[in-house]
Structures are given as structure tokens and as C-alpha cells.
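Comments concern the structure below.
The values are calculated or read from the model by the stated rules, or taken from the named source; none is laboratory data. Quantities reported herein were computed from a predicted structural model and do not represent experimental measurements. Please note: Cβ atoms are built from the backbone with ideal geometry, for glycine as well, and neighbour counts cover all protein chains shown. Note: areas computed on protein heavy atoms with side chains; ligands, DNA, RNA excluded. Shrake-Rupley method; radii C 1.70, N 1.55, O 1.52, S 1.80 Å.
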Amino acid sequence: LSNGELIKWNGKTDEVYSTISSTDEYQPTLLGTVPHMDKGSALEVLQSACDAYAKGQGKWPTMKVADRISCMENFVEQMKTKREQVVKYLMWEIGKSLPDSRKEFDRTVEYIQDTIEDYKQLDRDSAKFQEKDGVYAHIRRGPLGVVLCLGPYNYPLNETFALLIPAIIMGNTVVFKPAKHGVLLLSPLLEAFQQSFPKGVVNVIYGRGREVAAPIMQTGRIDVLALIGNSKSAIALQDQHPYKNRLRLVLGLEAKNPGIILPDADLDLAVEECISGTLSFNGQRCTALKILYVHEEVQEEFNKRFAKRVDELKYGNPWAENVMLTPLPEPNKPQYIQELIDDATEKGAKIINERGGATSENYIFPAVLYPVTEDMRVYKEEQFGPVIPIKPFNSIEQLLDEIADSNYGQQVSLFGTGIDRIAPLIDTLVNLVCRVNLNSSCQRGPDVFPFTGRKDSAVGTLSVHDALRSFSIRTFVASKDK
Ligand code: G3H
């Protein structure tokens, strides 16, 4: 999609294979192809976004708020009709379970609708006159320019749209590159974009990051880099931009969210929350609990119950009933997880659940590792997959030091019941991360709440409310005449 046209691609293409198999033996199915674009074609797409922002008096950024809203309403209505197609792609392309795939779609529709409402409110609140010392200012909130938007494979619809939608509605124009896995699910929505927005507002590129996204950055014409993914890609892309100070960043990056189980925790609750926290979508969530700190007093009991529950989890294709564990879309992931397990076991940890580490072609059964120590790779690396390190602790002060030393600072889950003990702990933790979840697992939603992180976890804040601000700037006209 470029310059308002769905271009028939005659060049080189990339094949997209399924993550799941239609047979018991892992046999990926060819689902479709996408353009393998090169620098030249990517720059043409960029030109269309730049023209739509600045040329023709920048029709989109200067369009009346009510008209921009009606474009977005039109889009969401058309999008709703594509639910089952998109859900199917989510299952086949990234192996997301049927309930979670439907949730991702419905949550995205709700996100767009809430964004529209919030935008109306924002416009009412931000468009105002202010006077000081005889200067009258007519203040508004306006767009930043041209946005390069890259989404992740684990939420290829929802998180990508959590960047795209606020960027568009604020009057920016966008070049958008879908994730490598979770790329075809965009196809059913391309027409809706084309029909709902003026030409050049939403543009799509496909291909390798270094062949298409890097050259776009090198032009220096990107005003905002909006990316959800890993820091390495974010830094590599920023480095391509010739005028870094001009670049606004909206980044959702890695996390190593700890779950802390205190001696007075309700263990049944803690185990259940840690199961979903560590393993929903096989742990492929930036918000997943990626290390559990269990107090020595309850460690034996917690480990026993937790390991048993992990072994009870059902593995299968996404549409099978009650399936929590599904095939992994990244071909090298099982091997990577195995390396983390080998490293930890060589250094003294044990796999404490019976099924832990059992592999098939594109899957590895979650391994619970205990006791994990600081010299192990799994202690530091963001595993983003089915391996769960457990580290015992007996000193809260020492634990807080460890969390403070982490390179990440997104969220924490705290399990305990004694309010006198918990309250000061929450006060400290909330200054080390951005969200403390009390007796519940970490998560991004509800999407109206701020979603961000400290250190290497995020730059800027997402959420229905905050993202509109992240993708805009306050501007004003000043005059001595009222
Ligand atoms: O991968 C990171 C996502 O923001 C996680 O979102 O907590 O709703 O699963 P979630």
C-alpha cells in the first residue's frame, strides 16, 4: 500500500510459512508471499508519506478533527468485518491460541474506539486560548511528521496498531513495516486502510529491515521512530538517522519482569498467577514474568506446586480446547531455550518439572529451573520463551538491590498478604519499575493505563491516553491581538 494504491507487486517475493502444521509431523504450510522490497521501492513509499504530510498543504495534518475521526471510524467498521480472517492468520502464522487470537482482535477494535473517544476529549482540552503579558496564544496539539512504525511478532495486530492508530489520528503520516512473523494478517486490512484514509497517510513496506527500514532512516526524513521489539534493532535504526536530535522515539523494548513470592503469600493464587504470567503465549510477551524470586521459607512448597501445574499444561494446535502451549513461530527459539537450559544446568540448576525441556521440531516444553544464580545466562537474558528460572531469596534488601541493578524496569508482581510488610516494599519497587502488580501477574492492559518502562524497557508511554501525546506536540499561534 503506497500513495493510496494497492500496488500489484511484480518483483522478488518472500514466502511465508505457517508456524503450525496440518499433520502430526511438523510440516509447515506455505501460507502466501509478501514483496521482498529493496531500497529503491522503500524510498518511493517514504516519498508518498512525506508528500501526504507536507505537500498539497498537508491535507491530512490540517484536516478538521471531525473529518479525521470519521476516517478512523470508517476504518474500524471495515476492520470488524475481517475478524475471522485475521484470527485465522494469527493462529497459523504465530501459533496464538484461538481465544487469545480473538482477544487480540477484539482488544484492538476496542483500542481504536477508545482512541477515537480520547482524541475528541484531547482536542476539546488542548485547543485553548491563553494570555500572558498581553500575548495571546492559541494553543493546539498537532502532529510530529512522518512516522516509521515497526511492530512485533507476538502482537502483530494489537501492539502494531497501538503505535499506528494514535500516530495516524494525531495527523502524522506513516510508513509501516509489519513483523516478519505475523505479516499476512495485515492483508485483509489493507483495503480498509486504502478506502478509509487519504492517499499517502498509511503506507506499508515489506522486506528485511536493513534493506528497507535502514535506507529510510538514512534519508533523515523520519520524524518519529515507533518500534516495539528489541533494543538492538531500535539502536541500529536510530544509528542510521543522520540528525539524531530530530528524531522522536516511541519504543517498547525488553523486560525481565520478576515475580516475588513472599513468605505470607497465598500460594495457590501465586502459583496460578505465575503460570499465566510466565507461560501465556509460551512466555513470548514483553510483560511475561521472566524470573521468579521465591522466599526460602516457602520455596519448597511453591516449587512443588508450580512444577506440577506446569506439567499439567496442554500443548497443541491453537484451536484445540484448553491449549496453553503452542508451536513457536521463530525457528531458532527451541534451540536458544535449550542453550539457556544447558548453561543453567551446567552451572548447578536442575529442571524441577518432569516434562521440562522435552522438544519437538518447533517446540520445547517449559523447563522450570532451580536454583538459578547470577552467573547463569537465564538470569540476565530475556528468554521470551518457555523456560522459567526460580531464584531463592531470604533478604528483601538484597532482592531490591538485584532489581535495581537490572538493565530493565518494566513491571513487578508481588505476592504477599501482610499489608504492613508490603506497603513500604511497593513504595520502593514503584521507583524501580513502572507498574507493581499486587497478587497478580504482569500485563499491559487494560489499555487505558500507561504502558511504559524504565532503563532499557521503553522510551515514551503507550496507552490509549498517553500514545496520543507521544505522537504529537503542542503548537500555538501567538498574537498581540485578542
Ligand atoms: O509483548 C508485550 C506485550 O505488551 C504484552 O501485552 O501483557 O497484554 O500480553 P500483554
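Every condition in (1) within 15 Å of the ligand (Cβ to nearest atom); (2) surrounded by fewer than 23 Cβ atoms within 10 Å (Cβ to Cβ) is met by G453 except one, and the failing one is (2).
Taken over the stretch 184-201, residues that are open to solvent by 10 Å² or more (accessible area, probe 1.4 Å) and either on the phi > 0 side of the Ramachandran plot or not in a helix (DSSP H, G or I) (or both) amount to 3. Out of curiosity, is E296 more than 22 Å from E381 (Cβ to Cβ), crowded, with 18+ Cβ neighbours inside 10 Å and touching a residue at least 60 places away in the same chain (Cβ under 8 Å)? No. The set of residues in the stretch 85-137 being open to solvent by 20 Å² or more (accessible area, probe 1.4 Å), farther than 21 Å from P166 by Cβ and out of contact with any Lys or Arg (no Cβ under 9 Å at 6 or more places or on another chain) consists of Q85, K88, Y89, W92, L98, P99, D100, Q130, K132, D133. Within the stretch 201-240, the set of residues being more than 16 Å from the ligand (Cβ to nearest atom) and in contact with a Gly (Cβ under 6 Å, 6 or more places away or on another chain) comprises D223 only. Given the structure, is L289 of a type outside the set (F, W, Y), within 16 Å of the chain's Cα centre (by Cα) and within 16 Å of the ligand (Cβ to nearest atom)? Taking the combined requirement at face value, the residue satisfies it. For the stretch 187-230, a residue qualifies if it is under 24 Å from F451 (Cα atoms) and in contact with a Ser or Thr (Cβ under 9 Å, 6 or more places away or on another chain), and the qualifying residues are V224, A226, L227, I228. If the condition is being open to solvent by 10 Å² or more (accessible area, probe 1.4 Å) and either on the phi > 0 side of the Ramachandran plot or within 12 Å of the ligand (Cβ to nearest atom) (or both), then the stretch 262-286 contributes S276, S280, F281, R285, C286. Each residue in the stretch 430-447 was checked for being open to solvent by 70 Å² or more (accessible area, probe 1.4 Å), more than 13 Å from the ligand (Cβ to nearest atom) and in a loop (DSSP other than H, G, I, E, B), and 1 of them qualify.
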